[in-house]
Every structure is written in C-alpha cells, then in structure tokens.
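Enquirer: To start, I am sharing the structure in question, which I have written as structure tokens.
Here, each number is a calculation from the coordinates, and none is a lab measurement. This structure is a prediction, so every number in the text was calculated from the model and none was measured. Every residue, glycine among them, receives a Cβ derived from its backbone with ideal geometry; neighbour counts consider all protein chains shown.
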C-alpha cells in the first residue's frame, strides 16, 4: 500500500490541485488559471508514464492556455474596476469579459475544428505511437481543446462539452488503472452540473436588462 501511494504521489497531488482548480472555475476566479497551470504540468508527467500521449500533449496545451486565460481574465477585470462604463465602441477599451452563449455559426466552427483535431490526432496516435486507445484518447483530447478555449472566452456552453469529456474519461482512466485521476474526473463530471448552474445565474444577471 505504501509503495502504491508513493508511486502515485504525483498523481494524487495533481488530483488535489485539480479539485481546487474546479472550485475556482465555478466561482470564476482568475486564480484558477494558476492552479490549472500547476495541475497541467503534473499531468504531463502522469500521462507520459501511462502512455496517454494525446492527453499528455493536451496538458502541454493547457499550460499555454492557462497563461492566455489568466492574462485575458485579469486584463478584463482590471478594465472593469477602472471604468465599468467604458466599452469597445469608440473607446478602444475592451468591455468586461462576462458569461455568454455560443451562437450557431461559432458552434458549427467549433464542431468542425473538433472533428478535424479528432481525425488528425487519432491517425497520428494510431500510426505512430503505442497508445492503447488512440481514437478514444484523440476524442477526449480534441473536445478538451475546444472546451478550454470556450472556458477562456467565458462561454456558458463549455460545461456541456466537459460533462461528456469528464465522464468518458473516468472510464478510460479506470481501465488504465489511474484511480486517483479517475476519481478527479468523476468529481469534475459531477461538478459540471453545479458549474453550469452557477455560470447560468451569472449569465442571466448580465443579460436580464
């Protein structure tokens, strides 16, 4: 037991930081991106060891987008504190970044991008790596890339994508014996419901007038 805990210590640490990240995401706190960066660095190592190469690459992407998301969220928050009445119309100052919905045209674009990423990564993983589940790995990775971009832009609909990705990932990680990670993604999946409700309240409050 002690040997198993020691072997999976890094994974447990990533699970802990990931849960804190999830709480901060639901609360729309910019600090979530800092925890996201730490968690992503941990899982680059975890997934490399498990030979989940697409998930490993995904976490490299998470590191980059964590920096992007932090800068975007903090910049918009700064503008809101300095001048809440100012907008992009004629001033050149960005409007505050608020929760919004994905429009039909953007939804189609995101679907096409996700499909293209899935096909490309699935082929690469199947042809050039020893990934045990190349297309399943590619599916969760492609959708996670899309969902994280939507999160950075504060689209409410990103929670629907995460709901599918998280519960599908639970199955994959249990199959590979990554039990702490499976537990983390189970909580992720369950909390997507809470996250959606909280973000929807925020959306309604900013679009009620």
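Enquirer: Between residue 98 and residue 208, how many nm apart are label points set 7 Å from Cα along the C-beta direction?
Expert: 1.2 nm
Enquirer: Rank these for me by crowding, 164, 128, going from fewest to most other beta carbons within 10 Å.
Expert: 128, 164
Enquirer: Taking other Cβ within 10 Å of each residue's Cβ, how do 204, 56 sort, fewest first?
Expert: 204, 56
Enquirer: Going by a ≥ b ≥ c, the root eigenvalues of the Cα gyration tensor, does segment 112-209 fall in the rounded group (a/c under 1.5), the prolate group (a/b larger than b/c) or the oblate group? Intermediate values should be presented prior to the final figure.
Expert: Details: a/c = 4.19, a/b = 1.63, b/c = 2.57.
Oblate shape, in that a/c is at least 1.5 and b/c is the bigger or equal ratio.
Enquirer: For each of 73, 12, 33, count neighbouring Cβ atoms within 10 Å of the residue's Cβ, then give the residues from fewest to most.
Expert: By the 10 Å Cβ count, ascending, the order reads 12, 73, 33.
Enquirer: Pairs of Cα atoms under 8 Å, at least six residues apart: use those to get the relative contact order of the chain, whole percent.
Expert: So the answer I get is 21 percent.
Enquirer: Quickly estimate the mean residue ellipticity at 222 nm for the chain, helices only: each DSSP H run with n ≥ 4 gives -39500 (n - 2.57), and the total goes over all residues, rounded to 500.
Expert: Calculated mean residue ellipticity at 222 nm is -27000 deg cm²/dmol.
Enquirer: Evaluate the relative contact order of segment 103-163 (contact order divided by residue number), counting alpha-carbon pairs under 8 angstrom at least 6 apart; express in whole percent.
Expert: Once normalised by length, the contact order is 28 percent.
Enquirer: Please compute the contact order of segment 15-80 in relative form: average sequence separation of alpha-carbon pairs under 8 Å and at least six residues apart, divided by the residue count, as a percent.
Expert: RCO, segment 15-80: 32 percent.
Enquirer: Among (1) 1.26; (2) 0.92; (3) 1.00, which is the computed Rg/Rh (Cα atoms, Kirkwood Rh)?
Expert: (3)
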